[in-house]
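Okay, structure first, notes after.
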Protein chains: 2
Amino acid sequence: MRFEIVTIGAELLDGTLADTNTAAIASRLARLGGEVVRGTTVPDEPDAIRESLEDALSEADAVVAAGGLGTTSDDLTKQVAARVFGKSLALDEDVLARVRSRFEERGRAMPEINVSQAMVPEGARPIPNRIGTAPGLVLEDDGRLLFLLPGVPAEMVAMLDEYVVPFLEGRGLRRTTEERVIRTTGISESALAEMIGPTARRLARTEISYLPSITGVDVRISCRAGGSRSPGRTADSAEERLAAIIGPYVYARGNESLEEVVGYLLTMQGKTISVAESCTGGLLGFRLTAVPGSSDYTRGGVIAYSNDLKKRLLKVKAGTLKKHGAVSGEVALEMAEGAVKRCRSDLAVSITGIAGPGGGTKDKPVGLVWMAVAAGEKACAREERFAGSRDAIRTQAAQSALDLLRRTLLGLTQPGERRA
Amino acid sequence: MRFEIVTIGAELLDGTLADTNTAAIASRLARLGGEVVRGTTVPDEPDAIRESLEDALSEADAVVAAGGLGTTSDDLTKQVAARVFGKSLALDEDVLARVRSRFEERGRAMPEINVSQAMVPEGARPIPNRIGTAPGLVLEDDGRLLFLLPGVPAEMVAMLDEYVVPFLEGRGLRRTTEERVIRTTGISESALAEMIGPTARRLARTEISYLPSITGVDVRISCRAGGSRSPGRTADSAEERLAAIIGPYVYARGNESLEEVVGYLLTMQGKTISVAESCTGGLLGFRLTAVPGSSDYTRGGVIAYSNDLKKRLLKVKAGTLKKHGAVSGEVALEMAEGAVKRCRSDLAVSITGIAGPGGGTKDKPVGLVWMAVAAGEKACAREERFAGSRDAIRTQAAQSALDLLRRTLLGLTQPGERRA
């Protein structure tokens, strides 16, 4: 079934609000195997609304529209939709009673202006609004199907889940796609595409998309029904095949975060962790402790932003700082080893780097980051050169250091690792 | 000038991602007095992209399109746009050099597949991409003007501000409205509205909007041209009048952050700062060091997530922990005082609280947070009770602690402060 989504509201086209309704509608339709062929956003102007609705209805089997069902003068969607379907508006007593009771529940009398919310195109089905006052509508005639929903996200989503989805299932739609996500870090989108592209293209009824962000690339696997296998089984085997190819760059599946994975590994191995941070200033500790229950394995750590604190709190040797500089593998290693001793943890992870914008030199440019993991007697350090803003560099540094910790816990080594 | 916005990407129509680019583009165009007449979102399919671009170009004076400029198979926008303008793609050596250097900056060789990013429609102007590798493009012929930008928001916004806006100003667009933002924290939207509403309603050609977030409420002041004064002068005086009424709840103007303001005050007063964090796990340190040059006044600190580290690294007395518990004003004060001594800083700020979801009790529920600031001999602590998720509670705790530091530096006291 082909869908179009129309979102209505001046505030969506003047930069006041980002449109989250299209994504909310699209995710429900996608799960039902519906294909959204286009999304359109128009201001609250009768001509623009009429044009977009007629256009969408002529292209798609069904249209979901959100916005413009309130009472204020710029809320015109319902009148326009009635005209598009050649119907006139009539007062619906049941709807009026519901709108009135909404106000009474709040101990207020219904303002006269809200009567307009009970005006319904002839033959249209009202969709009850559990949260707000404006009801939704379903309009249908020869082959055209239109859902009108309010623009307020909370109301819109509730009506979508409680009415539109069941209505469409009543029309025979079923969950027909299964999705999996493989989360990777330390590899670029293009390198990933070269790596798994050939295999991915041979997978039946499976689509791959790459979702790059500053902390890594998520690979989304979407499998359609068909053939002898269920979409779920198709997705499982696609996920396994691709994850096996990507190998050590895979840090998680689904929406699990890197800190959750690291926390899981630490818990499984009964180990405790501490941090020693310079340029990230606490981001590593913040991320490790973002996981509920992380106090079971996170001892804490030291933010050694100044060299003086590196020496006094982490026992980094003055000679090492002098000889190699604060941003070096040697200092990163001594920081991690210092944190293990100071915090009496089994492992420690450290970061020292130049986040910029100032402080860079020719041989130590902005973006140069050294990170290390100390684990008992063993320790390893890695060098990275990140691009972007101070924030981007610090975000990438923390992700990369957590991944070094993950690889250490899994016994995986990485190109360019230096072992102490 | 009439604009249309086209956003491209399957992930925007299957519920994977909400489209934030349309709002980001629209806000820039609105400030230039441009009118956005429609937004369209289409999947990465040549026919859909071609149709939407042709349609938009025929309706509007200019079109801004975002998405589909990467290297993976689903990135087709550039090829389609070239066809729409009847141009063929040719390799642009300068662009290729820039793409290659992006990789070299990261110490990586450019994968062959990225050569496609340097293919440019004849006569098109490339738009440099400071953050990522995919360049943007401007295509223009008889009356049609198209900007192609990548879909990654950070890259898209940077190219919008650094190229598209200046380009359009070169075409004669001018700022017709002036905006000011007053940033507040520690006061609710409704309390703010009661405080400044009456005055705000009397201001000529001025609109006020409240932008609440978890860290505070921004008051947006938007002034139109007209009358004898320039919108800029109108905005300046409106800002001064409203800020004077809001008083100590104002922490910044424009887009300045609380950590920038605190950094400015520390620099002016020639003082150094350190942190002692329990439930925030490093967020305070991370935020203080987010400011370029913060190494001049930030010494570092201790993440004392475990009570053992509170005692050993911050010298919190075992008796205090036993008598008052880790989440108490007494412990917060000893943590801050311990950080001052340990880090040899002039001031220190501390946080100890229950971020949840577990660990709450009847008299110490999830959301209870104590924070303290130690300054030489003086010290003060405050109790807060925050609602929401673990992340929400930690975010509010850090904001509130930084504001306590700001007020301390300014000699402002706050209701409910406890002085040691």
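The values are calculated or read from the model by the stated rules, or taken from the named source; none is laboratory data. Just so it is clear, the structure is predicted and the values come from calculations on it, not from any experiment. Every residue, glycine as well, gets a Cβ built from its backbone with ideal geometry; the counts of neighbours run over all protein chains shown. Areas reflect the complete protein model, heavy atoms only, side chains present, ligands, DNA and RNA absent. Shrake-Rupley method; radii C 1.70, N 1.55, O 1.52, S 1.80 Å.
Each row is one residue, and each column tells you yes or no for (1) open to solvent by 10 Å² or more (accessible area, probe 1.4 Å); (2) within 24 Å of B:Glu259 (Cβ to Cβ).
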| site | (1), (2) |
| --- | --- |
| A:Glu240 | yes, no |
| A:Ile246 | no, no |
| A:Tyr264 | yes, no |
| A:Ala276 | no, yes |
| A:Gly281 | no, yes |
| A:Asp308 | yes, yes |
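Looking at this structure, is A:Ile187 under 20 Å from the mean Cα position of the chain (by Cα), among the hydrophobic types (A, V, I, L, M, F, W, C) and not assigned by TED's automatic domain parsing to the domain that holds A:Leu69?
yes
Of all residues in segment A:50-70, at least one satisfies being outside any helix (DSSP H, G or I), of a type in the set (A, V, I, L, M, F, W, C) and either over 25 Å from A:Glu179 (Cβ atoms) or within 11 Å of chain B (Cβ to nearest Cβ) (or both). Just one of the listed residues (A:Ser389, A:Ser350) is on the phi < 0 side of the Ramachandran plot, open to solvent by 20 Å² or more (accessible area, probe 1.4 Å) and under 34 Å from the mean Cα position of the chain (by Cα), and it is A:Ser389.
B:Ala26 meets all of the listed conditions (1) at the interface with chain A (Cβ under 7 Å from one of its Cβ atoms); (2) outside any helix (DSSP H, G or I); (3) closer than 20 Å to B:Arg220 by Cα but one, namely (2). Looking across segment B:210-242, the residues that are more than 13 Å from B:Ile196 (Cβ to Cβ) and of a type in the set (Lys, Arg) come down to B:Arg224, B:Arg229, B:Arg233.
For segment A:184-212, the tally of residues that are within 8 Å of another protein chain (Cβ to nearest Cβ) and among the small types (Gly, Ala, Ser) stands at 6. All of A:Gly15, A:Gly34, A:Gly9 fail the test of being under 25 Å from the mean Cα position of the chain (by Cα) and at pLDDT below 90, apart from A:Gly15.
The number of residues in segment A:301-336 that are of a type in the set (S, T, N, Q) and assigned to a helix (DSSP H, G or I) comes to 2. Test A:Gly107 against the criterion of being touching a residue at least 12 places away in the same chain (Cβ under 8 Å), in a loop (DSSP other than H, G, I, E, B) and small (Gly, Ala, Ser), and give yes or no. It is false that A:Gly107 is touching a residue at least 12 places away in the same chain (Cβ under 8 Å), in a loop (DSSP other than H, G, I, E, B) and small (Gly, Ala, Ser). Checking each residue in segment B:144-156 for being buried (at least 19 other Cβ atoms within 10 Å of the Cβ) and hydrophobic (A, V, I, L, M, F, W, C) picks out B:Leu145, B:Leu146, B:Phe147, B:Leu148, B:Leu149, B:Val152, B:Met156. For segment A:44-65, the set of residues classified as crowded, with 16+ Cβ neighbours inside 10 Å, over 15 Å from A:Ile5 (Cβ atoms) and either outside the structural domain of A:Glu11 (by TED's automatic domain parsing) or touching a helix residue (DSSP H, G or I) at 6+ places or on another chain (Cβ under 6 Å) (or both) consists of A:Asp44, A:Arg50, listed by residue number.
Reported count of residues in segment B:74-105, each being within 13 Å of chain A (Cβ to nearest Cβ), in contact with a strand residue (DSSP E or B) (Cβ under 9 Å, 6 or more places away or on another chain) and open to solvent by 60 Å² or more (accessible area, probe 1.4 Å), is 2. State yes or no: is A:Gly285 facing chain B (nearest Cβ under 9 Å) and not in a helix (DSSP H, G or I)? The answer is no for A:Gly285. If the condition is being more than 8 Å from every other protein chain (Cβ to nearest Cβ) and either within 15 Å of A:Ala65 (Cβ to Cβ) or among the acidic types (Asp, Glu) (or both), then segment A:8-23 contributes A:Ile8, A:Gly9, A:Glu11, A:Asn21.
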